[in-house]
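Here is the structure we will look at, set down as structure tokens.
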Amino acid sequence: MNWIAIGSITDIPRRGARCVDTPEGKIAIFRTADDQVYAIDDHCPHRGGPLSQGIVHGAAVTCPLHNWVISLETGKALGADEGVVRTIPVKVDGERLFLALEALASRAA
Amino acid sequence: MTEKLVIIGNGMAPGRMLEHLLEKAPGRYQVTIFNAEPRVNYDRIMLSPVLSGEKDYEEIIIHGDGWYIKHEITLYKGHKIVVIDRQAKTVTSDHGVSEPYDKLVIATGSVPFIIPVPGNNLPGVLTYRDLDDVRAMMLAAQSRAKAVVIGGGLLGLEAAAGLNAQGMDVTVLHVMPTLMERQLDPAAGYLLQRAVEERGIKVITKANTQAITGNGKVEQIELADGTIIPATLVVMAVGIRPNAALAKEAGIAVNRGIVVDAGMRSNDPDIFALGECAEVNGMVYGLVAPLYEMARVAASQLAGDEAAAFVHSDTPTKLKVTGIELFSLGDFAEGEDRQEIVLRDAAAGVYKRLVLRDDRIIGTVLYGETGDGAWFNDLKKKQTDISEMRDTLIFGQSYQGGAPLDPMAAVAALPDDAEICGCNGVCKGKITGAITAKGLTSLDDVRAHTKASASCGSCTGLVEKLMVLTIGDKYNPATVQPMCGCTTLGHDEVRRLIKAKGLKTIPAVMQELEWITSCGCAKCRPALNYYLVCDWPDDYADDYQSRFVNERVHANIQKDGTYSVVPRMWGGVTNAAELRAIADVVDKFEIPMVKVTGGQRIDMLGIRKEDLPAVWADLGQAGFVSGHAYAKGLRTVKTCVGSDWCRFGTQDSTGLGIRIEKFMWGSWTPAKVKMAVSGCPRNCAEATCKDVGVICVDSGYEIHFAGAAGLDIKGTEVLGLVKTEDEALEHIVALTQMYREQGRYLERIYKWAKRIGIPEIKRQIMDDADKRKAYYERFVFSQKFAQVDPWSERVSGKDKHEFRPMASVGFAEAAE
């Protein structure tokens, strides 16, 4: 698998997120309190809210628009809500972060 | 045929006896109770939380009026029995009611000991015994500033903490060298004294009171060493003595208390005594556990079980002062045949001491961390040989045999006969058995069926853990609405504990208050962040990751993920230069929508997040600062043109509005705060539907609050009329600070006011100048740290990462 370097884990605050701009939209990269890193589309399955702007708790994020809670591991809405957002493989090598290239390319193609 | 049972006194002991009796011999007796207090049976142990304001009287009632009706018991409230005629077998009350008896139970309790010094009968000298005393203290706390509590024992310290919580300046006088010397060794007494002093309560030990003096009421206390302490309220809490006078007059054998045998029977076989007035085997008792044991025995005897007998047992002592953990049990005096194990952790404020004899625990003092109290109590009760685990004994149950247990596992590991509720002598097996057998799902149910945690309540946490262990998710924890799914605590408890335990970070709150989740959720984190910002303005570092996005990026997120920006226009006043700057910004950044807000300022909508710092930079050049239109904080102060322009204006409403806004901007509040100032009662600024509003009148400024014009519509309440602009500002600031300190996160002022009560708010802000001043000063202090323009900070580079993408990935890279 090919990986694209997107920066360092230290670029993202703990319990926070940053975005990576891609041709088909933003991908939100999350860093949890215990330094797990996840990548999902920055687009809530409910009304398209920017998930990267939400409050990160455990391995989940609460959407800033209407408080849907999305699992960072599976991309699925938690609780009573139903919906799923695409997850993108992300690799941590030391401090450096890589996004899975093929996942992007396949979408771009 | 039913026999007539008369009970003199309606405290906790006879109340419990009746419960047992109704269970063991229903219908055997026709019961009549005479209560000198004009009320039903309530939990006297919980008076301290009532005094500190943590509970209401209604919450501590054990048997409501309905209970007496249901069981066909006649209760004479406010009737004091003055005569027992043993020949005629009747009692007579001070209101002239006579009642014959077949069996009589005397439960007259105790009377507080009044130290024999001059002035001990002056108005302002109180004891701490019943609800009337508590009400008198709470009343005194309203208007009087200085209180002295004589007695540094359990009761005295609880009284002191309660009065302190009511806002009084409290000094404790204790005649011995260390506090609670009957329950604590000197080391623990010292730690306790330090903790008490940290709350702002002064402690004077070896204090020998010589006189209480004053002109018609208490003014000061004089000590034997010549020290003079000013005081307007004196509470005597130096001890109690059995109230046996009535029995003595009736010719019943009385020593220290009413002498009874192990069956609670006096020397008159038809007369029983129990509770604090009874003396059994030469001992009198004041803690609830032995009194309940007496109740059980007396009920059995009355039901015909003549074998029932009272057996002495040691009772653990706990102090009911929020934030002070203390446990003491048994005998801890030093002696040649005894060894001790001591653990001190000064940094954590923990002190533990076990006193051993022949490898068995005979006494325990725990301070700062009392979780193992139940386990040590169990080891002592069973006289377990501890030689095998001696090295790790003091570290508690979790260290015995392998890895430390979490609190839940520690409870799971307790044996079935381990005592959980000391007050009521309820063991683990009885609780779990009742939960399973009766299908109990709420704490109240468990209390009703087992009595566990139904008295002092300090074992509530243990009982709740047992419920979770037994029924898991079916446990329905709270009548209090918890903050969120991460905790069982409600907002008020969390706020109280943050202050009481001095918790200054979100991880500390979650650790100490046993959050269920590792890092909270989107509900509790912003709330905790606000509480910490409010309570520790100088110490706490704002946790941006716990703020909702609007407060993190200082703009309002819109449905398409863009933001809107509202600069401050003080009092709604602007000028050509400002308007020109806004117009330029709108052109430069191609801002699609410009809108005048309801709060008299201008909103620019549709700004891309990346552009925010540049927009702010340009606005800042023109002198604009953030309008906090996104904040749970002060938003706008809307004004009319007032006496400067309006022919009806009575005061400079515009000037006052601007002054308030400049004074209060930047402050965080539980929910948004919108204000307005109208220059006359025509009220063009619509001040009477705002969180806080002012209506100017000829004679001054009428301050309004608790209005709403959103989800709910509600006109304001009048706080009061003040004469000058300075006073208006002070009152408004104090009111806001009171709300900041007491409001629940996201609770608007009108909801908070409804919960607290308008009269109480008026009392604190309008009538109590000291309190108002103190609120005002705390607000001013916190503003030192709050009045920083967040926009200019970000223009200077703060939180850069917020406004830039981490990386951009093009097609070329993706295709490589």
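Read-outs: derived from the displayed coordinates by stated rules, not from any lab. Because the structure is predicted, anything quoted here is derived from the model rather than measured. All Cβ positions, even for glycine, are placed from backbone atoms using ideal geometry, and neighbour counts span all protein chains on display.
Would you work out which of B:Met766, B:Ile658, B:Leu393 lies farthest towards the positive end of the dipole of chain B, given +1 charges on the beta-carbon of Lys and Arg and -1 on that of Asp and Glu, about the Cα centre? Towards the positive end, the residue furthest out is B:Ile658. Across the alpha-carbon atoms of region B:56-136, the computed radius of gyration and Dmax are 17.0, 49 angstrom.
Relative contact order of chain B, taken over Cα pairs closer than 8 Å and 6 or more residues apart, is 7 percent.
Candidates B:Ile582, B:Gly627, B:Thr736 compared by Cα position along the dipole of the protein assembly as shown: farthest toward the positive end lies B:Ile582, with charges placed on Cβ.
Let a ≥ b ≥ c be the square roots of the eigenvalues of the Cα gyration tensor of region B:491-547; is it rounded (a/c under 1.5), or, if not, prolate (a/b larger than b/c) or oblate? Oblate, since a/c reaches 1.5 and b/c is not below a/b. Measuring spread by the Cα atoms of region B:123-210 yields a radius of gyration and Dmax of 12.7, 37 Å. Taking Cα centre as origin and charging only the Cβ of basic (Lys, Arg, +1) and acidic (Asp, Glu, -1) residues, the dipole magnitude of chain B rounds to 1480 debye. Here the Gaussian network model covers chain A, with springs between Cα atoms less than 10 Å apart; of A:Thr22, A:Thr62, A:Thr87, A:Thr22 fluctuates the most. Per residue, the average separation of C-alpha pairs within less than 8 Å and at least 6 apart gives region B:5-117 a relative contact order of 35 percent. Cross-linked pairs B:Lys662/B:Lys784; B:Lys662/B:Lys798; A:Lys26/B:Lys798: Cα-Cα separations exceed 20 Å for B:Lys662/B:Lys798; A:Lys26/B:Lys798. In chain B, the calculated helix contribution to ellipticity at 222 nm averages -9500 deg cm²/dmol per residue, counting -39,500 (n - 2.57) for every DSSP H run with n ≥ 4. Towards the positive end of the charge dipole of chain B, with charges on Cβ (+1 Lys, Arg; -1 Asp, Glu), say which of B:Trp536, B:Asn683, B:Gly330 has the farthest Cα. It is B:Asn683. Going from the fewest other Cβ atoms within 10 Å to the most, the residues B:Met604, B:Met137 appear in the order B:Met604, B:Met137. Once both labels are positioned 7 Å from their Cα atoms along Cα-to-Cβ, the gap between B:Glu249 and B:Thr441 label points is 5.4 nm.
Name the residues of region B:683-727 whose amide N is less than 16 Å from a point 7 angstrom out from the Cα of B:Trp645 along the C-beta direction? Once the point is set 7 Å along Cα→Cβ of B:Trp645, B:683-686 turn out to lie under 16 Å by backbone N, inside region B:683-727.
Among B:Lys103/B:Lys451; B:Lys380/B:Lys428; B:Lys632/B:Lys674; B:Lys595/B:Lys751; B:Lys146/B:Lys771, which pairs are too far apart, with a Cα-Cα distance over 20 Å?
Beyond 20 Å: B:Lys103/B:Lys451; B:Lys595/B:Lys751.
Per-residue mean of foreign Cβ neighbours for B:515-527 is 4 (Cβ atoms of other chains, 10 Å radius).
For region B:236-387, a simple Cβ point-charge model (Lys and Arg +1, Asp and Glu -1, everything else neutral) yields a dipole of about 360 debye relative to the Cα centre. Full extension of the segment from B:Asp56 to B:His95, taken as 0.36 nm per residue of separation minus the current Cα-Cα distance, would add 11.0 nm. In terms of its C-alpha gyration tensor, region B:632-788 has a rounded overall shape, because the principal axis ratio a/c (a ≥ b ≥ c, square roots of the eigenvalues) stays below 1.5. Of B:Ser782, A:Ser8, the sequence from fewest to most neighbouring Cβ atoms within 10 angstrom is A:Ser8, B:Ser782. Rounded, prolate or oblate: which one fits region A:3-108, using the alpha carbon gyration tensor with axes a ≥ b ≥ c (rounded when a/c is under 1.5, else prolate when a/b beats b/c, else oblate)? It is oblate, given that a/c is not under 1.5 and a/b is not larger than b/c. Peptide B:123-131 is shielded by partner chain Cβ atoms: per residue, an average of 0 of them sit within 10 Å of its Cβ. Taking the Cα centre of the protein assembly as shown as reference, the dipole from Cβ charges on Lys and Arg (+1) and Asp and Glu (-1) amounts to some 1560 debye. Based on Cα contacts under 8 Å between residues 6+ apart, region B:125-238 shows a relative contact order of 32 percent. Applying the Kirkwood pairwise sum to the alpha-carbon positions of the protein assembly as shown produces a hydrodynamic radius of 32.1 angstrom. As a proxy for reagent exposure, ranking B:Arg199, A:Arg96 by other Cβ atoms within 10 Å from fewest up yields A:Arg96, B:Arg199.
Dividing the Cα radius of gyration of chain B by its Kirkwood radius returns 1.04 for Rg/Rh.
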